[in-house]
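Only the coordinates and a few stated rules stand behind these numbers; no lab work does. In this text the structure is predicted, and so the values were computed from the model without any measurement. Cβ atoms come from the backbone with ideal geometry, glycine included; neighbour counts cover every protein chain shown.
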Amino acid sequence: MLAENFNMVKVIAFQQVMQQRWDSYVEQHGEGTFFHLCGWQQVLRASFNHKNHSIVAVIDGAIVGILPLVEVKSHLFAHALISTPFCVYGGALADNQQIHRLLEQRAMELAERLQVDYLELRYKSKQQSSLQLVQHHSTFDCPIAANPEQILASIKKKQRAVIRHSLNNQLSFGKTDLKQFYHLFSLSYRNLGTPVMSRKYFHQLAEVFAERSVIHAVFDQSQKGQSSVLSFYFKDQVIPYYAGASTDAKRNKSMDFIYYQLMCEAAGLGVKSFDFGRSKNNSGAYQYKKHWGIEPQPLYYYYHLVKSKQLPNLSPNNPKYKLLVKLWQLLPLPLSRLLGPFLAKSLG
């Protein structure tokens, strides 16, 4: 972009009438992800009352850059401006580096004006940014082979054996509803000692992204649900984003079964890539995904501290949360579902 054109760039607040143009920009941008879609603003506002502060760079009314920004207020954890809470990727998309820097500068100014504890921008790729970089997480994605046999052959040998084991366990795979999913998801979260999000949040996801989402479950011979996953489809990718399982899942390998079956179904739909999502480096989930033969790719999260003196650490591995995690695991499931949403809305 010529310098005189750059001087014509205006950064303005997102307005609802821009929704279609915003999403079209995300679709055509090479680094645009499902988590950049403005539907997330609607979901987070309706589910948690998080305020949207997204900004748009325009020249003569044409969008040349976007930055989704959502404010999260919490007395227990932090007051933050994030791109985007509950999403693994985010950050600015722009036509060029100058506009990218301008959007980040406006985000820092907004963070200072709001007097948040910190600004957090989540990127899938490394940026030329003046913000402080933290790399505690990695993401996992891989190409999907053309058919079930090739998909199985592409998986690492030990994990392939586990999947073959699951195929002999008389499990069935198919679509299910939010009720079945939420039961298994909330059970998993309680067992992990993690506060669960509200049912309303998942209803919003299913409604706002109705054409991009699907819920699958695995059932045993008695038609008892063993595991379930909520997946999103964007561009040529399937993203199994939220998953839950019964206490029997490990024994009958139902989670291995559901991910393999999801790959097979996606291949049949012409989907080319499987995004296994983020995991904290060297965690159990991180090692599990590596066992599939998928190489971790580092995530790049950038911070600008405002009121906070140190970087946030909301990980359940944080020693200050260990007692809370242990106590949470002891809660009756209905009580964890009742109390969880009050905490979870601030843990995005």
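Numbers for the structure displayed
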{"quantity": "Hz values of 3J(HN,Hα) by residue in the range 277-285 - Karplus curve (6.51, -1.76, 1.60), Gly and Pro given as x", "calculated": "x, 8, 9, 5, 3, 6, 7, x, 5"}
{"quantity": "Kirkwood hydrodynamic radius of the chain, from inverse mean 1/r over distinct Cα pairs, in Å", "calculated": "21.3 Å"}
{"quantity": "Relative contact order [Cα under 8 Å, 6+ residues apart], the range 223-290, whole percent", "calculated": "32 percent"}
{"quantity": "Pairs from 73/309; 224/345; 235/290; 158/289; 158/224 whose Cα-Cα separation, in the structure shown, is over 19 Å", "calculated": "224/345; 235/290; 158/224"}
{"quantity": "Greater than 30 Å apart at Cα, pairs in 156/200; 10/272; 175/322; 157/272", "calculated": "156/200; 10/272; 175/322"}
{"quantity": "Overall form of the range 139-296 per C-alpha gyration tensor (a/c, 1.5; a/b vs b/c)", "calculated": "rounded"}
{"quantity": "At q = 0.20, 0.21, 0.27 Å⁻¹, base-10 log of I(q)/I(0) for the range 219-283 (Debye sum, equal scatterers on each alpha carbon)", "calculated": "-0.85, -0.91, -1.16"}
{"quantity": "Loop trypsin sites (Lys or Arg not before Pro), the range 165-248, which have at most 13 other Cβ atoms in a 10 Å radius of their Cβ (DSSP)", "calculated": "224, 235"}
